[in-house]
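To start, the structure under review is shown below, and the notes come after it.
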Amino acid sequence: MSLLTDLGRAAATVAILAGGNSQRMGRDKAELTVAEGPGLGCAETWLERVCTIATTAGATAIVVGRERPKRWSNHTTHFFPDDTPNRGPLGGLATALRHAHSPVALVGCDMPRLTPQAFRWLLAQRAHPATPDGVATIAAGQLEPLFSTYSPSLLPLITERMERGDYSLRGLLRSGKFTLVDAPDWLPPQLAGVNTPQELEVWRGEHQQR
């Protein structure tokens with residue numbers, strides 16, 4: 001059975017974007033570790049954490065934007081470099097849809113607050129037949145493109161938007177036919193990305209208190 005067939009038959013696929021430049025953080029966010037300090041050279045990375053949480057929720061995880069790290073131990077995770085580099089998250093989504101051949105739930109590797117409960121909620125949402133392009137999550141009144149589900153039916157629209165230099169995921173959500181769902185009250189705090197050294201320190205403080 002081919003890899004593409006495996007993904008196409010998966011009950012749910014989570015695509016994790018890991019190809020960004022991490023300019024605001026100043027270092028590769030995918031390689032940041034859950035714990036940091038002496039003797040923690042093999043500590044779990046954020047990318048590993050998000051993959052583990054997604055698979056714990058029952059999904060197949062694919063990573064878009066990089067090759068498989070040499071020390072990666074989870075062989076059920078598939079890695080796909082960007083088909084067209086330097087197109088941002090929209091280009092990563094296009095790569096994921098081409099390889100998955102099925103709807104994908106899109107998240108970033110810089111979302112370490114996510115839990116299996118969050119993924120189970122998202123994967124339980126279903127697009128309405130009249131809005132077949134996916135499910136768009138609304139949290140605190142805002143569209144959350146990095147916690148929404150996208151269908152392969154969007155590929156022509158994505159290609160068109162990229163050809164004219166429009167790489168906005170929120171623009172895609174507004175242009176496509178999406179079922180809109182409101183996030184439960186407990187979910188929005190989990191969707192906050194960690195993009196700067198200051199936000200990293202806040203997250204580490206939260207994590208240490210658990």
If we ask which residues in the range 118-136 are out of contact with any Leu (no Cβ under 7 Å at 6 or more places or on another chain), touching a residue at least 40 places away in the same chain (Cβ under 8 Å) and either surrounded by fewer than 22 Cβ atoms within 10 Å (Cβ to Cβ) or charged (D, E, K, R) (or both), their number turns out to be 9
For residues in the range 42-89 being part of a helix (DSSP H, G or I) and touching an Asp or Glu at 6+ places or on another chain (Cβ under 8 Å), which is modelled with the lowest pLDDT? W46
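I'm checking my understanding of the structure. Among residues of the range 194-203 that are surrounded by 16 or more Cβ atoms within 10 Å (Cβ to Cβ) and part of a loop (DSSP other than H, G, I, E, B), which one is modelled with the highest pLDDT?
Step by step, filter the range 194-203, then rank; the result is V194.
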Mind checking which residues of the range 137-156 are over 25 Å from A61 (Cβ atoms) and touching a residue at least 24 places away in the same chain (Cβ under 8 Å)? A140
Being among the hydrophobic types (A, V, I, L, M, F, W, C) and either on the phi > 0 side of the Ramachandran plot or at pLDDT below 90 (or both) is the requirement here; does A35 meet it? yes
Which pairs turn up if I take residues in the range 179-191 that are closer than 19 Å to Y150 by Cβ and at pLDDT 95 or above and look for partners that are hydroxyl-bearing (S, T, Y) and in a loop (DSSP other than H, G, I, E, B) with beta carbon separation below 6 Å, at least 6 apart in sequence or on another chain? T179/T131
D110: passes all of (1) assigned to a strand (DSSP E or B); (2) within 26 Å of R24 (Cα to Cα) but (1)
Yes/no for A96 being under 25 Å from A124 (Cα atoms), surrounded by 20 or more Cβ atoms within 10 Å (Cβ to Cβ) and either more than 15 Å from the chain's Cα centre (by Cα) or modelled with pLDDT of 95 or more (or both): yes
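Is the range 158-179 home to any residue that is among the aromatic types (F, W, Y) and either within 18 Å of A100 (Cα to Cα) or not in a helix (DSSP H, G or I) (or both)?
yes
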So A130 ticks every box in (1) in contact with a Pro (Cβ under 8 Å, 6 or more places away or on another chain); (2) part of a loop (DSSP other than H, G, I, E, B); (3) among the hydrophobic types (A, V, I, L, M, F, W, C) but one. Which box is left unticked? (1)
Take the residues in the range 137-151 that are modelled with pLDDT of 95 or more and of a type in the set (A, V, I, L, M, F, W, C), then tell me which one is surrounded by the most Cβ atoms within 10 Å (Cβ to Cβ). F147
Restricting attention to the range 99-117, which residues are surrounded by fewer than 20 Cβ atoms within 10 Å (Cβ to Cβ) and either touching a strand residue (DSSP E or B) at 6+ places or on another chain (Cβ under 6 Å) or under 17 Å from P184 (Cα atoms) (or both)? S102, R113, T115, P116, Q117
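The values are calculated or read from the model by the stated rules, or taken from the named source; none is laboratory data. Given the structure is predicted, the values throughout are model-derived calculations rather than measurements. A quick note on method: Cβ atoms are made from the backbone with ideal geometry, for glycine too, and the neighbour counts reach across all protein chains shown.
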